[in-house]
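The values are calculated or read from the model by the stated rules, or taken from the named source; none is laboratory data. Nothing here was measured: the structure is a model prediction, and the numbers come from that model. Neighbour counts are summed over all protein chains in view; Cβ atoms, including those assigned to glycine, are modelled from backbone coordinates with ideal geometry.
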Amino acid sequence: MERKIQRALISVFHKDGIQPIVHHLHEHGVEILSTGGTQKAIEAMGIPVTSVESITGAAEMLGGRVKTLHPVVFGGILSRRGHDGDDVDLKEHGIGPLDLVIVDLYPFEETLADPGASTAAIIEKIDIGGIALIRAAAKNHADVVVIPSRDQYADLLDQLRTGTTTNLDFRRRMAGEAFGISSHYDSAIGAWMRDGDELHIDVRQSRSLRYGENPHQAGQFFGDLDKIFEQRAGKSLSYNNLLDVEAAVALMAEYREAEPTFAVLKHNNACGLATRDSISEAFTDALAGDPVSAFGGVLIANRPVDLLTAQAVHKLFYEVLIAPAFTPEAESLLMQKTKRVLLVQKAWPKSDRIVRTALGGFLVQAPDHKMEQPAEFELHTDEAATPAQLTDLGFALKLVKHTRSNTIVLAKGGQLLASGTGQTSRVDALNQAIDKAGRMGFDLRGAVMASDAFFPFPDCVEIAHKAGIASVVQPGGSVKDQLSIDYCNTHAVSMYFTGFRHFKH
């Protein structure tokens, strides 16, 4: 069902980008109605425009708070074409139908993000008329097309490239965008009014994924990846890719200020990580942590990837490589494998909530932003760690925080030797780590151990000591802490408590 645009209402906060639409409408004889600043912007283009107040007979009032809220405007939007009763009402009240509504809402979230914005300024950016206009037009999408933000300007121009006719599919799609924007906008306001206690999920940006965790499952991503990454090469990111990318970025955020660091992740856990004098050396030693698991993994660097590093990485089959930049020579080489994804990381994701589905509802928690530094560790044994061991304890603790529980991390010299992850017993996690370190050819003598939770018995420190571990960091807090402390004192093992647990389920 096609509809021709003959009258349009344009009321936008940001005036940039509207010029091509205005000129196109004018060239095709469309009458344009507008208000306030938008009206002045259109007049400045030399395009005739009818003021809303000239058809309503009511001037703008309350400092612009009331402009379009009038039966003449909403009657023109909500009237059903060919409906006998509506036609009679329009004629009786002298109302002309409106076929196109273009609105760009007040920037509430942008104002909210400004640390200098006052409460009064934030409240003034709560749009009333704009929200009402897009909801009315979206409701009547059978006859009216709504353009609810700047993001849809290009869509409208594409639809109107040969004239001013729109089809129902397009109008319905724009109506869906409108209600999505309205929902997001109101949720953001509600969350602010409730001091952030309300769950608010951004649904304005979304993309379909090839599939979910498995090929028989559908997948969708909601959010704006373009703010965080620039994809330079490779196929579209999958559901599993995104989970691993999230884990990789969260882990590397702990080392963003460190010396050159490279990590290799598989199934959300690091299977290799090293800090070295150069990014190429860091990659070599990260890969040494588990070259078998690295196959098909996600790689991330905290420094630009140069040609030397790219030459080594190029030999490995990987899914995704993330770095703050690639030298032209490195990028040219890596792009030879067209399916492998190259991501330039432009920003670090920011979130004040972690959301998971559970039992048909949602679990919401604050992110774990806590990261204890070695200077904050509390020594609980007679033996103290050497400066190098203390540095390694801090290195290992960062890894523990981003590894699935129960977890144990073994490290030495700024390198992940092995981890035990996702085990139902901490002893099993430790034995897994020791076994893996041995299979990878690492000598654990003088290495350190980090645990995501306390030791209720001395069995873990005993097993670790016999394997060569020299120093331990753990949260502490068990009623039987002293048993582990006594074992360490007897065998000259240093042990530190942090006072904070880092479970990751």
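Out of all the residues in the stretch 60-92, which are over 41 Å from the mean Cα position of the chain (by Cα), closer than 20 Å to V103 by Cα and at pLDDT below 75?
V72, the sole residue that qualifies.
Go through (1) of a type outside the set (K, R); (2) more than 14 Å from A411 (Cα to Cα); (3) touching a helix residue (DSSP H, G or I) at 6+ places or on another chain (Cβ under 7 Å) and name the single condition A470 misses.
Here A470 meets the rest and fails (2).
I'd like to know if the stretch 377-399 contains one or more residues that are in contact with a Leu (Cβ under 9 Å, 6 or more places away or on another chain) and surrounded by fewer than 15 Cβ atoms within 10 Å (Cβ to Cβ).
Scanning the stretch 377-399 turns up at least one residue that is in contact with a Leu (Cβ under 9 Å, 6 or more places away or on another chain) and surrounded by fewer than 15 Cβ atoms within 10 Å (Cβ to Cβ).
A quick yes/no check of all residues on (1) under 20 Å from I228 (Cβ atoms); (2) touching a Phe, Trp or Tyr at 6+ places or on another chain (Cβ under 8 Å); (3) of a type outside the set (V, I, T); (4) buried (at least 23 other Cβ atoms within 10 Å of the Cβ):
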| site | (1), (2), (3), (4) |
| --- | --- |
| D306 | no, no, yes, no |
| F317 | no, yes, yes, no |
| A323 | yes, no, yes, yes |
| F326 | yes, no, yes, yes |
| E329 | no, no, yes, no |
| S332 | no, no, yes, no |
| Q336 | no, no, yes, no |
| P349 | yes, no, yes, no |
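Give the residue that is nearest to the chain's Cα centre (by Cα), with candidates limited to residues of the stretch 286-323 that are β-branched (V, I, T) and outside any loop (DSSP other than H, G, I, E, B).
I322
Quick check: anything in the stretch 328-340 in a strand (DSSP E or B) and either touching a residue at least 24 places away in the same chain (Cβ under 8 Å) or out of contact with any Ser or Thr (no Cβ under 9 Å at 6 or more places or on another chain) (or both)? Walk me through it before giving the result.
Filtering the stretch 328-340 for residues in a strand (DSSP E or B) gives none.
For the stretch 328-340, residues in a strand (DSSP E or B) and either touching a residue at least 24 places away in the same chain (Cβ under 8 Å) or out of contact with any Ser or Thr (no Cβ under 9 Å at 6 or more places or on another chain) (or both): absent.
Do we find a residue being without any contact (Cβ under 8 Å) to a residue 24 or more places away in the chain and either closer than 20 Å to C271 by Cα or touching a Ser or Thr at 6+ places or on another chain (Cβ under 8 Å) (or both) anywhere in the stretch 447-465?
So far as the stretch 447-465 goes, no, none of its residues is without any contact (Cβ under 8 Å) to a residue 24 or more places away in the chain and either closer than 20 Å to C271 by Cα or touching a Ser or Thr at 6+ places or on another chain (Cβ under 8 Å) (or both).
If you take the residues of the stretch 93-113 that are in a loop (DSSP other than H, G, I, E, B) and at pLDDT 80 or above, which of them is surrounded by the most Cβ atoms within 10 Å (Cβ to Cβ)?
Here the answer is L98.
Just the residues that are farther than 16 Å from H184 by Cα and part of a helix (DSSP H, G or I), please, taken from the stretch 115-132. Break it down into steps so the answer makes sense when it comes.
Of all residues in the stretch 115-132, those farther than 16 Å from H184 by Cα come to 115-124, 129.
Within the stretch 115-132, T119, A120, A121, I122, I123, E124, G129 meet the criteria.
Can you tell me which residue in the stretch 114-151 is nearest to the chain's Cα centre (by Cα), limited to those that are crowded, with 16+ Cβ neighbours inside 10 Å and without any contact (Cβ under 8 Å) to a residue 40 or more places away in the chain?
Only one residue fits best here, namely K125.
Identify all residues within the stretch 139-170 that are in contact with a strand residue (DSSP E or B) (Cβ under 6 Å, 6 or more places away or on another chain), assigned to a helix (DSSP H, G or I) and within 15 Å of I10 (Cα to Cα); write none if there are none.
Matches in the stretch 139-170: R150, L156.
Among the residues of the stretch 367-381, how many are within 18 Å of A253 (Cβ to Cβ) and in a strand (DSSP E or B)? Walk me through how you get there before you give the answer.
So in the stretch 367-381, the residues within 18 Å of A253 (Cβ to Cβ) come out as 367-373.
Narrowing further to those that are in a strand (DSSP E or B): none.
Summing the residues that are within 18 Å of A253 (Cβ to Cβ) and in a strand (DSSP E or B) in the stretch 367-381 gives 0.
Would you mind telling me which numbered condition in (1) farther than 30 Å from G438 by Cβ; (2) of a type outside the set (S, T, Y); (3) at pLDDT 95 or above L273 fails?
So the condition that L273 fails would be (1).
Determine which member of the set R426, R501, R404 is crowded, with 16+ Cβ neighbours inside 10 Å, under 30 Å from the mean Cα position of the chain (by Cα), more than 30 Å from E281 (Cα to Cα) and of a type in the set (K, R).
Answer to the selection: R501.
Looking only at the stretch 4-20, count every residue that is more than 18 Å from G130 (Cα to Cα) and surrounded by 21 or more Cβ atoms within 10 Å (Cβ to Cβ) and tell me the total.
Total satisfying the criteria: 1.
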